[in-house]
Amino acid sequence: MTHIIELPSEILELIGDFLDKRAILNAIRTCQLFHQHYSSTLHWKEVTVQTCTDSAAAEGDSLLNIDTLRAHARSVQYLKLYGSLPSEYFDISFPHLTALKLDGILAIDIGVPGRYRGQDSNWARVVRRNPTIRDVDICLCPLTGGHSTEVWEAIRESLHKPRQIKVGSPGSIPEFSFDVQVSFWKTVSQFEELDYNGASDQLRIDPYEWADFTGLQRLSYMTSSRSGADSLQMKLFGSCHGLTRLRWLRGSGAFSVRMFLHCLRRSDWPHLDDLALNKILASDVEFAPIILLLPPLKHLRLDFEAFGPKCFGYLRERHFETLITLDLMKSDRFTSRMALEVLQKCPHLEDFMGRKILMSHVVSMPHQPWICSGLKRLGVYFANDFESLDIPAASNANRLVLENLSRLTSLEEVDMLLKGAPRLLRSKAKACRCRLGLGLEQLKTLTRLRIARFDHMGVKDIQWMVKNWPSLEVLQGYVSTDPNIQQQ
């Protein structure tokens, strides 16, 4: 049997054509032979071609040579095309291309007469020549391509196994005409995932009348609401019966509890396990039935100030056993005891953002461990609510908090310096102190920690952290040389 390192160089190069960037990086670290064969092709896996400014050209920079790009076409897997490029750049076939980004506008192109003429045709041609594309990312602006049916038809008719489509804009996308909207939604229905981020929602029509969205599994929809938009959006969402993820984020307008409940009562999303919502103006009692009727969730992110006891009770009943991500940072009524209960009763939790926990509550439940041993990201402001920082009870509470943290050995990010935390508490240093002599030594177990944000630290504390956390990349907080932790 021939060993892989004994294969002819032509075969090794052919194998390299099918490896993605991460696999190539792993391969060249394996042995000198792989390093020799694959290092030169590594930067061709992801290629960016963009309009070159006159000043950049004067300094020696130039547009990527078209012949050079053709020569390395077999290696390209992710292609990014920016600006108003010559048409020949859209006529190349890339046999292993899986991801394409089309960004039609650069600041240097604005105001140039006729600069964007024919861009729809260019975009359609590069799609038709590369049916292996699975992921499409299109950035639209008023002046650029994407505003005719040509591009959307090319995507719909040419791609063999479409997976993800992202459509966005740095500004406002003008509303598509009726024909373009129909073509756009027919195209979207062929994908497993849609990520739409634009001021206009392109929902002046009922898209479910023109296409079958049962194959759409992941939907992120961010737009500014207008009169009547919620009804059409909910009709669209309700027709996506295969959804596992729904992230509905709005720039304006209020979330409609009534319409959302209607979809849940019809069991429109039996497989949903990832939900993100904002602009929720309902009361705790009004929103609670949604928490109750949702399938058991793995990921929940809510911008909902009124989240309170009723919602939390249903959260505990329906979702504690499955939750991996919980973000209630913007929920004013999500209390300290609720946050502690999440840490104590959600065994699969990996990402938790939960506002504030009072250290006196930690002390009152010392024998209830935090069972989320797989927690990777924690964002909580631990507030020292004792009368004085110097009394033994406060010091013991500080040590107990850090002792609980020390058991979360999978932590990669801990944020105890939250923007949402009360400024009054921070200004008086009434927060858990990650300091030597107050329990910091216990955190030597957090060897995977990459990002740490603490309220108050001393110089020696920082030196200890750098020494004992080998994976640390970011350390942020208030630093003082004063032993009394005077903020400076």
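Within the option set ALA339, ALA394, being small (Gly, Ala, Ser), part of a helix (DSSP H, G or I), buried (at least 16 other Cβ atoms within 10 Å of the Cβ) and in contact with a Gly (Cβ under 8 Å, 6 or more places away or on another chain) holds for one residue only, ALA339.
In summary, GLY379 fulfils each of the numbered conditions (1) modelled with pLDDT of 90 or more; (2) in contact with a Phe, Trp or Tyr (Cβ under 9 Å, 6 or more places away or on another chain); (3) of a type outside the set (D, E, K, R); (4) farther than 17 Å from LEU449 by Cα with the single exception of condition (4).
Among the residues of the range 180-200, just one is within 13 Å of TYR221 (Cα to Cα) and in a helix (DSSP H, G or I), namely VAL188. Against the numbered list (1) in a loop (DSSP other than H, G, I, E, B); (2) modelled with pLDDT under 70; (3) touching a helix residue (DSSP H, G or I) at 6+ places or on another chain (Cβ under 7 Å), SER84 comes up short only at (2). Condition first: in contact with a strand residue (DSSP E or B) (Cβ under 6 Å, 6 or more places away or on another chain) and open to solvent by 30 Å² or more (accessible area, probe 1.4 Å). Can you find one or more residues in the range 345-352 that meet it? There is at least one residue in the range 345-352 that is in contact with a strand residue (DSSP E or B) (Cβ under 6 Å, 6 or more places away or on another chain) and open to solvent by 30 Å² or more (accessible area, probe 1.4 Å).
A search for C-beta distances below 9 Å between a residue of the range 416-440 that is among the hydroxyl-bearing types (Ser, Thr, Tyr) and open to solvent by 10 Å² or more (accessible area, probe 1.4 Å) and any residue that is assigned to a loop (DSSP other than H, G, I, E, B) and at pLDDT below 70, counting only pairs 6+ apart in sequence or on different chains, returns SER427/GLN487. Could you tell me whether GLY374 is open to solvent by 10 Å² or more (accessible area, probe 1.4 Å), closer than 20 Å to ALA339 by Cβ and either among the small types (Gly, Ala, Ser) or modelled with pLDDT of 90 or more (or both)? Answer is yes for this residue. Does GLY420 qualify as being in contact with a strand residue (DSSP E or B) (Cβ under 9 Å, 6 or more places away or on another chain), more than 21 Å from LEU443 (Cβ to Cβ), small (Gly, Ala, Ser) and modelled with pLDDT under 95? The answer is yes for GLY420.
Mind listing whichever residues of the range 334-383 are under 23 Å from the mean Cα position of the chain (by Cα), more than 12 Å from ASP415 (Cβ to Cβ) and of a type in the set (Asp, Glu)? The answer is GLU350, and nothing else. Among all positions in the range 167-186, there is no residue which is in contact with an Asp or Glu (Cβ under 7 Å, 6 or more places away or on another chain), closer than 25 Å to ASP274 by Cβ, of a type in the set (Gly, Ala, Ser) and at pLDDT 90 or above.
The values are calculated or read from the model by the stated rules, or taken from the named source; none is laboratory data. None of the values given here were measured: they were computed from a predicted structure. Every residue, glycine among them, receives a Cβ derived from its backbone with ideal geometry; neighbour counts consider all protein chains shown. When the accessible area is computed, the model is the full protein with side chains, heavy atoms only, and any ligands, DNA or RNA have been set aside. Shrake-Rupley method; radii C 1.70, N 1.55, O 1.52, S 1.80 Å.
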